[in-house]
Structures are given as structure tokens and as C-alpha cells.
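The values are calculated or read from the model by the stated rules, or taken from the named source; none is laboratory data. Source: prediction; values computed, not measured. As a convention, Cβ positions derive from the backbone with ideal geometry for all residues, glycine included, and neighbour counts pool all protein chains shown.
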Amino acid sequence: MFNKNNQFKAFESKVWLSSPTMHGEELKYMTQAYETNWMSTVGENINQVEAMTCEKIGCKYAVGLSCGTASLHLSMKLAGIEAYGMPKVGHGALEGKKVFCSDMTFDATVNPIVYEGGEPVFIETERDTWNMDAKALEKAFEIYPDVRVVVLAHLYGTPGKMDEIMEVVNRHNAILVEDAAESMGATYKGIETGTFGKYNTVSFNGNKIVTGSSGGCFLTNDLEAANKVRKWSTQSRENAAWYQHEELGYNYRMSNVVAGVVRGQLPYLDEHIQQKKAIYYRYKEGLKGLPVQMNPIPEDCEPNYWLSCLIIDKDAMTKQVRSEQDVLYTKEQGKTCPTEILEAIASINAEGRPIWKPMHMQPIYRLNPFINKDGINRAKTNAYIQGEAQDIGMDIFNRGLCLPSDNKMTVEQQDRIIEVIRACFE
């Protein structure tokens, strides 16, 4: 067991992967909601969060919702109706339709497709950004030319190659739904993520770079779409003196209390990004000389550096085998694996985690199509099924991990974490 002789002293207080960083204004606005008795899903805090988010991101309209997943769900509903027409009563807007989506992401990106009756088709990851590969997306359109909706997530705060992706999306007359839950404040060629798609999402979940403990915003430049989301998210109540409902609705609006937290957080977004950036580059410098690489940062974008990650060189990987819920590895001198590093970090009371397991590897989606840049549905090939072939996302998952990236972590704490990682290669 790593650190069994306590050669590395554990931190008295846990160093988290990414925890909320509070400043005081949050409590002021929460108290304001309490004192004015606006404790529901309407109030000045929500109005201000929507206005401030629009100003920061550069979109025309924002709708505060209970979580980012709610925004993605209603985005899927809008995109499905626009692409394929109004669904029959009782059917989802994407009923029976395929939707192209990022493969390396959290399942909240993908599940809303299924909520609306659609079938996710996973697009392979490219190494330069760890995001959707535009070449694989083009091949997917060749195989499934009738698809009209694409869902893109920006992994760990680094934007995808938006020029290439948008060229493919526009040429095939498709609708882009952008999941910027992890990338709020990140830019591609000076343009904020959350503005590339027609229907977009940011998240204020507890571990995000700006938090409300929960909550998210739907973003768009389409007034009709914003009004529709606002209506759907309040149980689709019609403008009548009584409770009149003519279409399916949801209880998805943001709480005015949660909005108070977000309102106090938003002015600190740029400060949080700079703190996260410093953490990334301290890791990059501190791990020099080891057979590892940090998660890539392309020249034409400025990430928000939400999480710092590393990937171990192939020839420095010890043997590691994962089942659905367990993992085994062997220790070899000069080599290590993500599991050993995560255990080592945990031994000093710090939190890391594995890279997102690609969606096409998840049991719930294992039978779904998965398209690579050669136009091959790798998930259906014998070599893939027998474990003889690895796609890029699978490789990153097998060799990568997320490092403690909390912006309250001190330099001394980070130095000790770096020392522990180095010891794993001894």
C-alpha cells in the first residue's frame, strides 16, 4: 500500500478536487432573498443572474434553471422540434431519431437525448483537445445523412476545435447544442463557449468554477426559444387567470436562493480562472521529467482550466485491469498507473478522480453506434469487442486522471501532491 510507512504526511484538512470558493457576497444575496421573502423560483437574484450571465457570455438571452441537465433537456426538446417538427402527443421531440454527441463527457450531456426519445451516436475524441473529432463527425454524417442535431461538450474547460466542427455542422444543415457546463469563461479565438450553438448550457453545480450549489442557465440568441424554455420550465402554465396547461411542462426553474449564491459568485469568475490556470502550470512545471503529459491546451483557445489532468506515457504504464466497478494493477519499478496515483493522492487526504469513462463504454450505451474518423463503427468490430483495439477516448480513460484542482489549495499543498506523484514512478 502506498505511503504505508507515512513517508508523506497527510493534510489535516482535505484538499478537494474542486470545491466551492465563497467570497461573502453570496450570503448577502441569499439573506436578501430570505428577508424579502422571495424564497421561490422568482425574484431579483434570478433576474440578475440571467442578466449577468448574458453580459459575461455574450448571448442575448439566459434562462435560470434548476441545473444544467434541465437546460440540456429543454435544448434537446427545442432542437428536435425545429429539426423534425412537433412530436405527436406523448412522444419525445427526438422520437426514433439519431443524435450525434460527444463521447468523452459526463452522462448528463447524453441522457437528455434519451429523455426525448432519441438515440445517441457517439463521435470519437481527438487528442489535441480531448473533445469531439470534426473528421469523425463528418464521417458520421456520411453514414447517417438524415441526422440534424449535434451535441458538443467542452471537456474539463478546454474548448473543442469550433471552426472545424461548425463547418461540418453548418454544411449539413444541423443544429448545434453546446454543453459548456465545464467551460464557463473559456474562449475559442476570443469567443466565449456557450455562444457557438443555437441552444447552449452552463452549469453552476457545486464543483464548477462558478457555483450556486446547483443551478444552470439556458443560453440562446433566439427570443422565441428563450420564452419557450421559460414557459416549459414553469410547468407550461398559460397566460390565464387560472392554471391552464396546453402542453407538457417541467418544474425546472432556478430557486431565488440558489440564484443568490450564483449572483455573488459571478463577479469572481475571472479570478477563479486565473487561480485554476496557476494550478495547471504549477503541475506542468512540477511534473517535468516524468513520463506524463498534461491535458492539452491548443494555441487558439483560452480554457478556464477547471480541472488539471495528466496522462501517463504508454511505456510508463504498469498493468492495470478494470472491470465495471473494480480495478487491479501491478507495481513495476519506474512505472505506475492512474489507480496507483489516485490511491497515493488519497493517502495524503487529497482528492483526484479518473477521467470520464467514454459514453460508448458505459453499459447503458454500449450497443449505441460509435463512429471514428475512418468512418468505422468501432464498437461493432470484432477487434474492439475482444479488447484488441482501443479508440482515443478509451486510451485517455485508461492512462489519464484528474488531479486535485481546488483553487484554495496552497502552493505547499500542491508541491506535496507533486512529490507523491513523483514517488509513484520510483
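Of the residues screened, residue 178 is one that is crowded, with 23+ Cβ neighbours inside 10 Å, of a type in the set (D, E, K, R) and free of Cβ contacts under 8 Å to residues at least 60 places away in the same chain. The residues listed here are 72, 78; of these, the one that is in contact (Cβ under 8 Å) with a residue 40 or more places away in the chain and closer than 21 Å to residue 245 by Cβ is 78.
Yes/no matrix, rows are residues, columns are (1) among the aromatic types (Phe, Trp, Tyr); (2) farther than 29 Å from residue 405 by Cα; (3) outside the structural domain of residue 250 (by TED's automatic domain parsing):
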position	(1), (2), (3)
14	no, no, yes
20	no, no, yes
29	yes, no, no
42	no, yes, no
61	yes, yes, no
65	no, no, no
72	no, no, no
77	no, yes, no
89	no, yes, no
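Looking only at the range 104-122, count how many residues are touching an Asp or Glu at 6+ places or on another chain (Cβ under 6 Å) and more than 27 Å from residue 248 (Cα to Cα).
So the count comes out to 1.
Of the residues making up the range 88-129, those that are in contact (Cβ under 8 Å) with a residue 60 or more places away in the chain, in contact with a strand residue (DSSP E or B) (Cβ under 9 Å, 6 or more places away or on another chain) and in a loop (DSSP other than H, G, I, E, B) are 103, 104, 105, 106, 110, 124, 126, 129.
Only a single criterion out of (1) part of a loop (DSSP other than H, G, I, E, B); (2) under 30 Å from residue 13 (Cβ atoms) is not satisfied by residue 324, namely (2). Does residue 262 satisfy the condition of being within 17 Å of residue 218 (Cβ to Cβ) and touching an Asp or Glu at 6+ places or on another chain (Cβ under 9 Å)? Here the answer is yes, as residue 262 does meet what is asked. If the condition is being part of a helix (DSSP H, G or I) and buried (at least 16 other Cβ atoms within 10 Å of the Cβ), then the range 1-45 contributes 25, 26, 29, 30, 32, 33, 44, 45. Of note, residue 210 satisfies the criterion of being surrounded by 16 or more Cβ atoms within 10 Å (Cβ to Cβ), under 24 Å from the mean Cα position of the chain (by Cα), touching a residue at least 24 places away in the same chain (Cβ under 8 Å) and in a loop (DSSP other than H, G, I, E, B). Selection over the range 254-291 of residues that are within 30 Å of residue 71 (Cα to Cα) and of a type outside the set (A, V, I, L, M, F, W, C) gives a count of 16. Among residues of the range 297-310 that are assigned by TED's automatic domain parsing to the domain that holds residue 355, those with a Cβ under 6 angstrom from a residue that is assigned to a strand (DSSP E or B) and of a type outside the set (Ser, Thr, Tyr), sequence gap 6+ or separate chain, pair up as 307/402; 309/400; 309/402; 310/292; 310/294.
Here is a yes/no grid of residues against (1) at pLDDT 95 or above; (2) surrounded by 23 or more Cβ atoms within 10 Å (Cβ to Cβ); (3) under 19 Å from residue 40 (Cβ atoms):
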residue	(1), (2), (3)
173	yes, no, no
198	yes, no, no
230	yes, no, yes
238	no, no, no
256	yes, yes, yes
275	yes, no, no
278	yes, no, no
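Criterion applied to 312, 348 was being surrounded by 18 or more Cβ atoms within 10 Å (Cβ to Cβ) and either of a type in the set (S, T, N, Q) or more than 23 Å from the chain's Cα centre (by Cα) (or both), and the one residue passing it is 348.
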